[in-house]
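FYI, it's all coordinate maths here, none of it is from the lab. Worth saying up front: this structure is predicted, and the values here are computed from it rather than measured. In this analysis, Cβ positions are derived from the backbone assuming ideal geometry, glycine residues included, and neighbour counts consider all displayed protein chains.
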Amino acid sequence: MKQEISALMDGELFEDEAEALLGKLKRQPDANRNWELYHLIGDVLRQPEHIRCGFTHSFHQRLQAEPT
């Protein structure tokens, strides 16, 4: 699912694939959280001056907790 979200954000999905994924995002809270997180990551990468002081630490902890 995470790869699909990333592909959608990068404009790499066909229209029918994008519509199907958006439907999943509406029905699955975890997937929707990933969507929001990926957008936050993109925002931070584009404008790092907007990072709050504790954000880097908490993001690192969340990243370490991700399964590989």
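Specify the residue that is nearest to residue 63 (Cα to Cα); the eligible residues are those in region 1-45 that are of a type in the set (Phe, Trp, Tyr) and touching a helix residue (DSSP H, G or I) at 6+ places or on another chain (Cβ under 9 Å).
Looking at residues that are of a type in the set (Phe, Trp, Tyr) and touching a helix residue (DSSP H, G or I) at 6+ places or on another chain (Cβ under 9 Å), I get 38.
Any chance region 51-58 includes a residue that's assigned to a helix (DSSP H, G or I), surrounded by 11 or more Cβ atoms within 10 Å (Cβ to Cβ) and in contact with a helix residue (DSSP H, G or I) (Cβ under 6 Å, 6 or more places away or on another chain)? Spell out the reasoning first.
Initial filter on region 51-58 (assigned to a helix (DSSP H, G or I)): 55-58.
Still in the running and surrounded by 11 or more Cβ atoms within 10 Å (Cβ to Cβ): 55-56.
From what is left, the residues that are in contact with a helix residue (DSSP H, G or I) (Cβ under 6 Å, 6 or more places away or on another chain) are none.
No, because not a single residue in region 51-58 is assigned to a helix (DSSP H, G or I), surrounded by 11 or more Cβ atoms within 10 Å (Cβ to Cβ) and in contact with a helix residue (DSSP H, G or I) (Cβ under 6 Å, 6 or more places away or on another chain).
So, of the residues in region 1-11 that are in a helix (DSSP H, G or I) and not basic (Lys, Arg), which turns out to be nearest to residue 66 (Cα to Cα)?
So, considering only residues that are in a helix (DSSP H, G or I) and not basic (Lys, Arg), the one nearest to residue 66 (Cα to Cα) is 3.
Considering region 12-50 alone, what residues qualify as being polar (S, T, N, Q), surrounded by 10 or more Cβ atoms within 10 Å (Cβ to Cβ) and outside any helix (DSSP H, G or I)?
Hit for region 12-50 is 28, nothing else.
Mind listing whichever residues of region 28-49 are closer than 12 Å to residue 1 by Cβ and either in contact (Cβ under 8 Å) with a residue 40 or more places away in the chain or among the charged types (D, E, K, R) (or both)?
Those that are closer than 12 Å to residue 1 by Cβ and either in contact (Cβ under 8 Å) with a residue 40 or more places away in the chain or among the charged types (D, E, K, R) (or both): 30, 33.
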